[in-house]
Amino acid sequence: MHEVKLSDGTITLSPLGLDDVEAHLAGEDELLVRWLNGGPGTREGIEAYFRHCREHWDTAGPLRAFGIRMGADQVLAGTIDLRFAGEGLAPGQVNVAYGLYPSWRGRGLATRAVLLASQYAASEGGTEAVIQVEPENPASASVAQRAGFALGPTRSKDGTRFDWYIRGLHAAAR
(Lines give C-alpha, C1' and ligand atoms only; values in the text may rest on other atoms or scores of the structure.)
Protein backbone atom coordinates (compact mmCIF):
# COMPACT_ATOMS: atom_id res chain seq x y z
CA MET A 1 0.00 0.00 0.00
CA HIS A 2 1.28 3.45 -0.80
CA GLU A 3 1.08 5.80 2.16
CA VAL A 4 -1.69 8.35 1.67
CA LYS A 5 -0.99 11.73 3.22
CA LEU A 6 -3.35 14.67 2.72
CA SER A 7 -2.73 18.17 4.03
CA ASP A 8 -4.26 21.62 3.81
CA GLY A 9 -1.28 23.28 5.49
CA THR A 10 -2.92 23.18 8.93
CA ILE A 11 -3.92 19.55 9.38
CA THR A 12 -2.65 16.33 7.86
CA LEU A 13 -4.67 13.17 7.33
CA SER A 14 -2.81 9.87 7.16
CA PRO A 15 -3.84 6.27 7.82
CA LEU A 16 -4.22 5.14 11.42
CA GLY A 17 -1.63 2.66 12.67
CA LEU A 18 -0.71 0.75 15.79
CA ASP A 19 1.58 3.60 16.84
CA ASP A 20 -1.60 5.71 17.29
CA VAL A 21 -3.24 3.41 19.88
CA GLU A 22 -1.81 5.13 22.96
CA ALA A 23 -2.74 8.63 21.76
CA HIS A 24 -6.24 7.47 20.84
CA LEU A 25 -6.83 5.90 24.24
CA ALA A 26 -5.51 9.04 25.97
CA GLY A 27 -7.79 11.27 23.88
CA GLU A 28 -11.00 9.30 24.20
CA ASP A 29 -13.67 11.00 26.32
CA GLU A 30 -17.38 10.70 27.04
CA LEU A 31 -18.39 12.52 23.84
CA LEU A 32 -16.34 10.24 21.56
CA VAL A 33 -17.68 7.18 23.36
CA ARG A 34 -21.26 8.43 23.00
CA TRP A 35 -21.29 9.76 19.45
CA LEU A 36 -18.62 7.79 17.63
CA ASN A 37 -17.14 4.75 19.33
CA GLY A 38 -20.23 3.10 20.80
CA GLY A 39 -18.38 2.22 24.01
CA PRO A 40 -15.15 2.88 25.89
CA GLY A 41 -12.04 1.66 24.11
CA THR A 42 -9.65 -0.93 25.43
CA ARG A 43 -6.07 -1.38 24.27
CA GLU A 44 -6.92 -4.77 22.75
CA GLY A 45 -10.05 -3.45 21.04
CA ILE A 46 -8.34 -0.37 19.59
CA GLU A 47 -5.36 -2.41 18.38
CA ALA A 48 -7.73 -4.88 16.68
CA TYR A 49 -9.71 -2.05 15.06
CA PHE A 50 -6.56 -0.25 13.84
CA ARG A 51 -5.28 -3.56 12.35
CA HIS A 52 -8.68 -3.92 10.64
CA CYS A 53 -8.32 -0.38 9.27
CA ARG A 54 -4.82 -1.15 7.95
CA GLU A 55 -6.11 -4.29 6.22
CA HIS A 56 -8.66 -2.14 4.39
CA TRP A 57 -5.92 0.24 3.27
CA ASP A 58 -3.74 -2.70 2.15
CA THR A 59 -6.57 -4.32 0.16
CA ALA A 60 -8.31 -1.14 -1.08
CA GLY A 61 -11.31 -2.13 1.02
CA PRO A 62 -14.34 0.11 1.58
CA LEU A 63 -13.04 1.58 4.89
CA ARG A 64 -10.40 4.32 4.83
CA ALA A 65 -9.59 5.45 8.39
CA PHE A 66 -7.35 8.47 8.86
CA GLY A 67 -5.70 10.06 11.84
CA ILE A 68 -6.19 13.82 11.99
CA ARG A 69 -2.71 15.15 12.76
CA MET A 70 -1.37 18.52 13.85
CA GLY A 71 2.00 20.25 13.73
CA ALA A 72 5.45 19.23 12.63
CA ASP A 73 5.40 16.28 15.04
CA GLN A 74 2.05 15.08 13.63
CA VAL A 75 0.27 14.82 17.00
CA LEU A 76 -2.92 12.75 16.73
CA ALA A 77 -5.83 15.15 17.29
CA GLY A 78 -8.65 12.81 16.27
CA THR A 79 -9.88 10.46 13.57
CA ILE A 80 -11.96 10.57 10.43
CA ASP A 81 -13.09 7.63 8.37
CA LEU A 82 -14.70 7.10 5.01
CA ARG A 83 -16.88 4.14 4.20
CA PHE A 84 -17.38 3.60 0.49
CA ALA A 85 -20.09 0.99 1.10
CA GLY A 86 -22.52 0.36 3.91
CA GLU A 87 -26.08 -0.08 5.04
CA GLY A 88 -28.36 2.50 3.45
CA LEU A 89 -25.71 3.98 1.16
CA ALA A 90 -26.46 4.18 -2.54
CA PRO A 91 -23.71 3.43 -5.08
CA GLY A 92 -21.29 6.37 -5.09
CA GLN A 93 -22.26 7.55 -1.61
CA VAL A 94 -19.47 7.70 0.98
CA ASN A 95 -20.19 7.88 4.71
CA VAL A 96 -17.98 10.31 6.63
CA ALA A 97 -17.51 9.95 10.42
CA TYR A 98 -15.18 12.04 12.56
CA GLY A 99 -14.19 12.86 16.10
CA LEU A 100 -11.64 15.12 17.76
CA TYR A 101 -10.03 14.68 21.15
CA PRO A 102 -11.17 17.28 23.71
CA SER A 103 -8.12 19.55 23.61
CA TRP A 104 -8.46 19.97 19.83
CA ARG A 105 -12.17 20.87 19.62
CA GLY A 106 -13.51 24.31 18.76
CA ARG A 107 -10.73 25.24 16.30
CA GLY A 108 -12.38 24.29 12.99
CA LEU A 109 -10.18 21.20 12.62
CA ALA A 110 -13.08 18.77 12.09
CA THR A 111 -14.40 20.94 9.26
CA ARG A 112 -10.95 20.98 7.65
CA ALA A 113 -10.72 17.20 8.02
CA VAL A 114 -14.14 16.69 6.43
CA LEU A 115 -13.17 18.88 3.47
CA LEU A 116 -9.85 17.05 2.93
CA ALA A 117 -11.45 13.62 3.31
CA SER A 118 -14.21 14.64 0.88
CA GLN A 119 -11.60 15.58 -1.75
CA TYR A 120 -10.00 12.18 -1.27
CA ALA A 121 -13.38 10.43 -1.52
CA ALA A 122 -14.07 12.20 -4.81
CA SER A 123 -10.66 11.17 -6.16
CA GLU A 124 -11.53 7.56 -5.29
CA GLY A 125 -14.83 7.64 -7.21
CA GLY A 126 -17.24 8.88 -4.55
CA THR A 127 -20.02 11.06 -5.95
CA GLU A 128 -21.81 12.09 -2.75
CA ALA A 129 -20.66 12.37 0.85
CA VAL A 130 -23.03 11.59 3.72
CA ILE A 131 -22.61 12.57 7.36
CA GLN A 132 -25.07 10.82 9.68
CA VAL A 133 -25.73 12.85 12.83
CA GLU A 134 -27.90 12.07 15.82
CA PRO A 135 -30.14 15.14 16.33
CA GLU A 136 -28.87 15.46 19.91
CA ASN A 137 -25.33 16.14 18.59
CA PRO A 138 -25.44 19.78 17.39
CA ALA A 139 -21.63 20.11 17.27
CA SER A 140 -21.40 17.43 14.59
CA ALA A 141 -24.28 18.98 12.64
CA SER A 142 -22.44 22.32 12.73
CA VAL A 143 -19.31 20.71 11.26
CA ALA A 144 -21.39 19.26 8.42
CA GLN A 145 -23.02 22.61 7.70
CA ARG A 146 -19.69 24.52 7.77
CA ALA A 147 -18.29 21.97 5.31
CA GLY A 148 -21.10 22.71 2.84
CA PHE A 149 -23.37 19.74 3.54
CA ALA A 150 -27.14 20.24 3.32
CA LEU A 151 -29.66 18.59 5.59
CA GLY A 152 -31.24 15.68 3.78
CA PRO A 153 -33.59 12.94 4.94
CA THR A 154 -33.90 11.64 8.47
CA ARG A 155 -33.43 7.90 8.78
CA SER A 156 -33.48 5.39 11.59
CA LYS A 157 -31.41 2.31 12.23
CA ASP A 158 -31.30 0.16 15.32
CA GLY A 159 -33.89 2.46 16.91
CA THR A 160 -31.64 5.53 16.61
CA ARG A 161 -32.68 8.51 14.49
CA PHE A 162 -30.05 10.11 12.25
CA ASP A 163 -30.20 13.32 10.25
CA TRP A 164 -28.37 12.85 6.97
CA TYR A 165 -26.24 15.72 5.75
CA ILE A 166 -25.32 15.38 2.09
CA ARG A 167 -22.83 17.05 -0.23
CA GLY A 168 -22.02 16.31 -3.86
CA LEU A 169 -18.42 15.37 -4.58
CA HIS A 170 -16.51 16.42 -7.66
CA ALA A 171 -13.08 15.03 -8.48
CA ALA A 172 -10.50 17.69 -9.22
CA ALA A 173 -9.13 17.77 -12.74
CA ARG A 174 -5.74 16.11 -12.98
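For region 69-151, what relative contact order do you get, as a whole percent, if you take Cα pairs closer than 8 Å and at least 6 residues apart?
Values: 94 pairs, mean separation 22.4, N = 83.
Rounded, it is 27 percent for region 69-151.
Could you tell me the accessible area of residue 136 in Å² (1.4 Å probe, neighbours in place), rounded to the nearest ten?
Surface accessible to solvent at residue 136 totals approximately 110 Å².
For the chain, set up a Gaussian network in which alpha carbons nearer than 10 Å are linked by springs, and say which option among 147, 23, 122 fluctuates the most.
Per the Cα network of the chain with a 10 Å cutoff, 23 tops the list.
At 1.4 Å probe size, put 157, 5 in order of accessible surface, largest to smallest. Numbers along the way, then the final one.
Working: 157 70, 5 135 Å².
Of 157, 5, the descending order of accessible area is 5, 157.
Counting only residues 5 or more places away or on other chains, whose amide H sits under 5 Å from the amide H of residue 78 once H atoms are built in the peptide plane?
Sorted by chain and number, the residues that satisfy this are 68, 101.
Along Cα→Cβ, 7 Å out, is where each label goes; now give me the distance between the ones at residue 26 and residue 155 in nm to one decimal.
Distance between label points: 3.7 nm.
Sorted by accessible area (1.4 Å probe), largest first, how do 123, 156 line up? List each step's numbers first, then the result.
Details: 123 50, 156 90 Å².
Accessible-area ranking of 123, 156, largest first: 156, 123.
Can you run phi through the Karplus equation (6.51, -1.76, 1.60; θ = phi - 60°) for region 126-139 and list ³J(HN,Hα) in whole Hz, with x for Gly and Pro?
Coupling constants for region 126-139: x, 10, 8, 9, 10, 10, 9, 10, 5, x, 7, 10, x, 5 Hz.
Label the chain by shape, choosing from rounded, prolate and oblate, from the square roots a ≥ b ≥ c of the eigenvalues of the Cα gyration tensor; if a/c is under 1.5 it is rounded, and otherwise prolate applies when a/b is larger than b/c, oblate when it is not. Each step should come with its number before you reach the end.
Values: a/c = 1.31, a/b = 1.12, b/c = 1.17.
It is rounded, given that a/c, with a ≥ b ≥ c, falls under 1.5.
Could you tell me what percent of the accessible area of the chain is made up of carbon and sulfur, with a 1.4 Å probe and every protein chain present?
On the way: 4490 of 8840 Å².
Roughly 51 percent, rounded to a whole number.
For the chain, what is the accessible area per residue in Å², given a 1.4 Å probe and the full set of protein chains?
On the way: 8840 Å² over 174 residues.
Dividing the accessible area of the chain by its residue count gives 51 Å².
Just need the relative contact order of region 1-66 here, percent rounded to a whole number, with Cα pairs under 8 Å and 6+ apart.
Values: 56 pairs, mean separation 23.8, N = 66.
Once normalised by length, the contact order is 36 percent.
Through the Karplus equation 6.51 cos²θ - 1.76 cosθ + 1.60, θ set to phi - 60°, convert the phi angles of region 28-42 into ³J(HN,Hα) values in whole Hz; use x for Gly and Pro.
5, 9, 4, 5, 5, 4, 5, 8, 10, 8, x, x, x, x, 10
If 104, 164 are ordered by their accessible area, calculated over protein heavy atoms with a 1.4 Å probe, which sequence runs from highest to lowest? Walk me through the numbers before you get to the answer.
Working: 104 45, 164 5 Å².
Ranking 104, 164 by accessible area, largest first, yields 104, 164.
The values are calculated or read from the model by the stated rules, or taken from the named source; none is laboratory data. For clarity, every value in this text was computed on a predicted model and none was experimentally measured. Note that we place each Cβ from the backbone using ideal geometry, even for glycine, and neighbour counts take in every protein chain shown. These area figures cover heavy atoms from the full protein model, side chains too; ligands, DNA and RNA do not enter into them. Shrake-Rupley method; radii C 1.70, N 1.55, O 1.52, S 1.80 Å.
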